[in-house]
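**Student:** Below is the structure I would like to discuss, written out as structure tokens.
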Amino acid sequence: MNKLIRTDQLVQLVIAHFKELIRQPEVIFWGFIFPILMSLGLGIAFSQKTDIVRSVAVIEKNNPSDTSRQHSIIDDFLNVHGDAIDPAHNKGAQRKLTLSDKRIGNTIFLFVKKDWQDAILLLKRGSVGVIMEEADGRIIYHFDPLNIDAQLSYLKLSNAFARPATGVEDNHEEVKPLTVRGTRYIDFLIPGLISMDLMMSIMWGMSYGMIERRSRKLLRRMVATPMKKSHFLAALMFVRIAMNFIESALLVLFAYLVFDVTIQGSAGALCLVFLAGNIAFGGIAIFVSSHTANTETGNGLINAVVLPMTVLSGVFFSYHNFPEWSIPFIQKLPLTLLADGIRSVFIEGAGIKEIILPSAILSAVGAVFFTVGLKTFKWH
């Protein structure tokens, strides 16, 4: 009589499948080790920094000899309560103010003196959240009222600079919401989303597509044809680039119609850096999928490329929130170069001259990876 459940048979099958799984080193690495490494890296980046650090731009006076004010409220306060720091570090800041709170931790404000144009540029890049200036004996705060982090910074600064610390009248401050185009969070976000979508589209559309075809024995059928590998891969890149242009154009149109996001710089510069980004990630995608036939391994390889850059490269928030020592490395990532380049055209008014260097670097990265991927490419 047949048993409904053959326990011995089920146990042996489970053991066989388990042995088959653990005999693949890539499965162990991507399934167990890689997530631990990711959590370790992000843990170091976020959990080790116990203090909240925010940068503030202070507008330099155009007329230092103005007799209406013989001293500066901000400078006088920082001379008493702040600390001097090396201008070569901490993003060029010259003064540091630490606001202690035993319950929620310390907040450190780094004050950097800039003229209005440079301060707005830093605000657009997400390097600072609040701009402070003085006029008629008052402190004036400029920030985006829709930016929650900027609001919190303003409240803490306002409380710190309030009477009796500064010894000024009750009407010692004024808030002027920023209306300068390009200073909203959505203006910062859209270029980052365009860059991330480009990377995701190429890495998953090209890399995973080729790996899946190879695993299904579809690529090996092309060996019998007179087709060159370089032609096959170049055509694949061309189609994906064309699709990315259409997808990004739709996103830009949507952002313009719904959020009034405009391109302040050169359209030619935008197309150039966008094309360079496609070349860079196209080359990386070909290299990643050049000889992998296991879809699970390919999935891990693709995630190893896209996940760290999605977190680090300033797509959703400024990468200046990371520890200072990590920023030079982050700025060299392909997605960071692409996002910074597109963002500079969108909100800083950059032209061809400003994006030549990042575009050249991205194109070189793509060419190198394409060449290596072409040499290691296997049909089966």
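**Student:** Looking only at segment 202-220, decide whether some residue is at negative phi, assigned to a helix (DSSP H, G or I), at pLDDT below 80 and of a type in the set (D, E, K, R).
**Tutor:** yes
**Student:** From the list Ile302, Ile279, Ile246, Ile284, which one is under 17 Å from Ile355 (Cβ atoms) and either of a type in the set (A, V, I, L, M) or within 18 Å of the chain's Cα centre (by Cα) (or both)? Please lay out each step first, then the result.
**Tutor:** Values: Ile302 fails: under 17 Å from Ile355 (Cβ atoms); Ile246 fails: under 17 Å from Ile355 (Cβ atoms); Ile284 fails: under 17 Å from Ile355 (Cβ atoms).
One residue alone meets the criteria, Ile279.
**Student:** On the given criteria, is Lys332 within 24 Å of Ser207 (Cβ to Cβ) and charged (D, E, K, R)? Write out each step before concluding.
**Tutor:** Values: within 24 Å of Ser207 (Cβ to Cβ): yes; charged (D, E, K, R): yes.
Yes: the conditions hold for Lys332.
**Student:** Within segment 176-204, how many residues turn out to be without any contact (Cβ under 8 Å) to a residue 60 or more places away in the chain and either in contact with a Gly (Cβ under 6 Å, 6 or more places away or on another chain) or farther than 24 Å from Ala150 by Cα (or both)?
**Tutor:** Residues that pass the stated criteria total 2.
**Student:** For Ala293, all conditions in the list (1) modelled with pLDDT under 85; (2) within 18 Å of Pro191 (Cβ to Cβ) hold save one; what is the number of the exception?
**Tutor:** Failed condition: (2).
**Student:** Going by what's in this entry, would Lys229 be described as in the same structural domain as Ala367 (by TED's automatic domain parsing), among the charged types (D, E, K, R) and touching a Phe, Trp or Tyr at 6+ places or on another chain (Cβ under 6 Å)? Explain how you work it out, then say what you get.
**Tutor:** Working: in the same structural domain as Ala367 (by TED's automatic domain parsing): yes; among the charged types (D, E, K, R): yes; touching a Phe, Trp or Tyr at 6+ places or on another chain (Cβ under 6 Å): yes.
Yes: the conditions hold for Lys229.
**Student:** Please pick out the residue among Ala360, Ala339 that is closer than 19 Å to Met199 by Cα and buried (at least 17 other Cβ atoms within 10 Å of the Cβ). Lay out the reasoning, then the answer.
**Tutor:** Values: Ala360 fails: buried (at least 17 other Cβ atoms within 10 Å of the Cβ).
Checking each option against the conditions leaves just Ala339.
The values are calculated or read from the model by the stated rules, or taken from the named source; none is laboratory data. From a predicted model like this one, the values you see are computed outputs, not experimental measurements. For neighbour counting, all protein chains shown are included, and Cβ atoms are generated from backbone atoms with ideal geometry for every residue, glycine included.
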